[in-house]
Amino acid sequence: MSDGNSRIEQFRQMAEADPDNELGHFSLGRAYYDAGMMREAIASLKRALEINANLGRAYHLLGEAQLRLNERTEAIETLTQGVKVAAARGEALARQEMERLLKDLGAPVPEVQGGASAQTQVGEGEVLCSRCGQVGRKLAKPPFRNRLGQAIYEKVCSDCWREWIGMGTKVINELRLPMHEPEAQRIYDKHMLEFLNLPAEE
């Protein structure tokens with residue numbers, strides 16, 4: 001079984017084991033996209049957005065897949081909504097990429113306000129969460145002693161972090177990750193960033 005097919009099978013099992021696992025459906029959609037299976041990618045990405053409509057990167061990838069199938073009208077609708085979601089959540093990179101695609105298509109780019117952080121009051125001990133988009137209770141301390149731990153501390157609420165702990169266990173079990181290996185840790189971290197809606201460069 002090729003590496004691409006192996007990834008598809010792993011993520012399919014993850015999505016089937018937990019049908020409401022947005023990360024499983026998003027990862028499966030991306031694996032299908034990478035394998036050139038656009039119809040399957042579209043179905044999985046739409047399911048991920050049904051579960052969580054705040055996934056800016058899912059709109060971007062879905063729009064790309066629709067364009068690969070020459071579904072121009074559908075892609076414009078997807079990207080337009082994606083720009084609005086990304087802007088509301090302060091996801092600058094995803095927003096810029098989708099705006100560029102809309103301009104390339106000759107489609108209007110929606111006028112949106114600045115990021116959510118410019119509009120929302122965040123009190124002491126609170127954080128505007130990158131995952132849920134709401135102001136929530138901050139973690140007591142960074143979960144790791146590195147830049148990633150600090151980014152999570154500054155951008156993820158305690159409730160969403162607790163959700164990731166449960167989801168992270170599923171990722172390890174479903175993908176059979178040997179966490180003592182650097183590559184397994186890299187895969188785990190990638191899924192964590194996607195679940196928490198944090199940019200990879202963090």
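The values are calculated or read from the model by the stated rules, or taken from the named source; none is laboratory data. Keep in mind the model is a prediction, meaning the values are calculated, not measured. Backbone-built Cβ (ideal geometry, glycine too); neighbour counts: all protein chains shown. The protein model used for the area step is the full one, side chains on, heavy atoms only, and it has no ligands, DNA or RNA in it. Shrake-Rupley method; radii C 1.70, N 1.55, O 1.52, S 1.80 Å.
When region 16-28 is examined, which residues are found to be more than 14 Å from residue 195 (Cα to Cα), open to solvent by less than 50 Å² (accessible area, probe 1.4 Å) and without any contact (Cβ under 8 Å) to a residue 40 or more places away in the chain?
Selection gives nothing.
List every residue pair whose Cβ atoms lie under 7 Å apart, where the two residues are 6 or more positions apart in sequence or sit on different chains, the first residue falls within region 42-61 and is in contact (Cβ under 8 Å) with a residue 60 or more places away in the chain, and the second residue, located anywhere, is of a type in the set (Phe, Trp, Tyr).
Hits for this filter: 55/26.
Residues that are farther than 28 Å from residue 99 by Cα and in a helix (DSSP H, G or I): does region 133-147 have at least one?
yes
Only one residue in 8, 42 is β-branched (Val, Ile, Thr), under 23 Å from residue 97 (Cα atoms) and surrounded by 19 or more Cβ atoms within 10 Å (Cβ to Cβ), so which one is that?
42
Filtering region 135-152 down to residues that are touching a strand residue (DSSP E or B) at 6+ places or on another chain (Cβ under 7 Å) and open to solvent by 30 Å² or more (accessible area, probe 1.4 Å), which residue is nearest to residue 190 (Cα to Cα)?
The qualifying residue nearest to residue 190 (Cα to Cα) is 138.
In region 90-102, what count of residues is obtained for those that are part of a helix (DSSP H, G or I) and open to solvent by 40 Å² or more (accessible area, probe 1.4 Å)?
Qualifying residue count, region 90-102: 6.
Picking from 122, 135, which residue would you name as being among the β-branched types (Val, Ile, Thr) and touching an Asp or Glu at 6+ places or on another chain (Cβ under 9 Å)?
Within the list 122, 135, the selection yields 135.
Scan region 116-135 and report the pairs whose first residue is at pLDDT 85 or above and whose second residue is outside any helix (DSSP H, G or I) and basic (Lys, Arg), with Cβ atoms within less than 9 Å and a gap of 6+ or a chain change.
So the pair list comes out as 124/138; 125/137; 125/138; 126/137; 126/138; 127/137; 127/138.
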